[in-house]
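The values are calculated or read from the model by the stated rules, or taken from the named source; none is laboratory data. All figures in this text were calculated on a predicted structure; none of them were measured in a lab. Cβ placement follows ideal geometry from the backbone for every residue including glycine, while neighbour counts extend to all protein chains displayed. The accessibility values were calculated without ligands, DNA or RNA, using every heavy atom of the protein model including side chains. Shrake-Rupley method; radii C 1.70, N 1.55, O 1.52, S 1.80 Å.
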Amino acid sequence: MSELTPLELEVGHLIVDTLNLEDVSAADIEADAPLFREGLGLDSIDALELALAISRHYGFQLRSDDENNARIFSSLRALAAHIAGHRVK
Amino acid sequence: MAAGWQGQSERGSPWALRLILWIALHIGRGAARVLLYPITFYFLLNGRTARNASRDYLTRIFGRAPTLAERIRHIHCFAATILDRVYFLSGQFDRFDVRLHGVEVIQARAGTGALLLSAHVGSFDALRALGVEQRGLPIKVLMFPDHNGFITALLHTLNPALLETIIPLGGIDTLLRVQEAVTQGEMVGMLGDRVAAGGKTVSCDFLGAPAPFPVGPAQLAAVLRVPVILVFGLYRGGNRYDLYFETFDAVLPQGRREREAALGQWTQAYAARLEHHVRIAPYNWFNFYDFWPQD
């Protein structure tokens, strides 16, 4: 199992709590595994709820016109890296 | 479920569609409407899935087997509304007698954001064009990008501005776009009666039997917490369309777990309103696939 950084673990907790994922704990999420469809199997409504939770939590908006969205949402590691670069709180 | 509506190939050849479009624009609606009869018969003879689905639906709504005349009328009504999309999308409103019912429901929400929930009945383009026509009523529409690809692409050459109002379904950030639109006070329309391949569904009673409905609209309404307005644009023959607007106040609880449990009830309330409207205008039902699949 790959080691999660503290921020990855924190974002993992946010995902699990926001989406009420049962049978999944943040520490079990593979940092490089896909979050959507395969992997954790999240869908577009999950993506929206997650984006709203991230904006509440870290104080910046994920925007639909960001052409990097597919990459940002591709894995926990990518998402945490994006948050690290944009968070204002 | 495997052979749902997405399994159907688009019917009619591109040249025939281009010809009808040309006649519609250059000769007129009357001439183009004459062509609807051969088109209707072509569908009845060749479109087995559509033919069977139409007969199944008519049997359910009438409570008896439909006559041949009723079956022809159903397909003809569908063809007539597709033809009229040409005129709605090219902004030729004056041709039609469009009657608005409950329009204050939507006017009260102008500029504050709402979801417009409709279905594959009658014409949704009448409403879209109205939104563009009357400024201050910006309407975006959630659509499957490849559904009816050729017809939709051809029709949108008539009005490229409307093409920009489409939010294609299927992307990771699709619903983020919806959220941004309603936050900016826009209205976002969606059709709540068709299930995407692999999409989550809930079984609702519809015309006396259980049918799968998508839970996406209910989930979206719950997350966005914006008002939902039901909209049905029904074709009444000749050049008349009736647009109905209704407030939809089915409630969804806030917590995710409680919400998941309430999705079925919310969707059933929508299915009941849909049933109300198709009972008034039965030939406006345009889901020509097995809507009540037997497992």
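Odds and ends about this structure:
- About the Cα centre, charge dipole magnitude for chain B (Lys/Arg +1, Asp/Glu -1 at Cβ), debye: 580
- Formal net charge of residues neighbouring A:Thr18 (Cβ-Cβ distance under 12 Å; K, R +1; D, E -1): -1
- In Å², nearest 10: area of B:Thr67 left accessible to a 1.4 Å probe: 70
- Computed lengthening from B:Arg99 to B:Thr67, 0.36 nm per intervening residue step minus Cα-Cα distance: 8.5 nm
- The range B:75-214 - Kirkwood radius from inverse mean 1/r over Cα pairs (Å): 16.3
- Test item: B:194-202 mean partner chain Cβ contacts at 10 Å: 1
- Value at 222 nm in deg cm²/dmol, rounded to 500, when DSSP H runs of n ≥ 4 in the protein assembly as shown each add -39,500 (n - 2.57): -14500 deg cm²/dmol
- Count Lys and Arg as plus one, Asp and Glu as minus one, and take only other residues whose Cβ is under 12 Å from that of B:Ile23; the net charge is then +3.
- Cα gyration tensor shape for the protein assembly as shown, rounded if a/c is under 1.5, else prolate or oblate: prolate
- Residue-averaged beta-carbon neighbours from other chains (10 angstrom radius) around A:58-66: 3
- Across peptide B:167-178, the mean count of Cβ atoms from other chains lying within 10 Å of each residue's own Cβ comes to 6.
- Cα gyration tensor, chain B - rounded (a/c under 1.5), prolate or oblate: oblate
- Largest to smallest in accessible area, the residues B:Lys200, A:Lys89 fall in the order A:Lys89, B:Lys200 (1.4 Å probe, all protein chains included).
- Inverse mean reciprocal Cα-Cα distance (Kirkwood Rh) of the range B:181-295, Å: 15.4
- The range B:163-244 shape via C-alpha gyration tensor axes, a/c threshold 1.5: oblate
- Area of B:Met143 that stays accessible when all protein chains are in place (1.4 Å probe, Å², to 10): 50
- Under the span-like rule (Cα at least 20 Å along the axis, Kyte-Doolittle mean at least 0.0), DSSP H helices of chain B: B:29-46, B:68-89
- Calculated FRET efficiency, A:His57 to B:Lys200, Cβ-Cβ distance, R0 = 30 Å: about 0.70 to the nearest 0.05.
- Note on chain A: Kirkwood radius taken over Cα pairs, Stokes-Einstein applied at 20 °C and 1.002 mPa s, translational D equal to 166 µm² s⁻¹.
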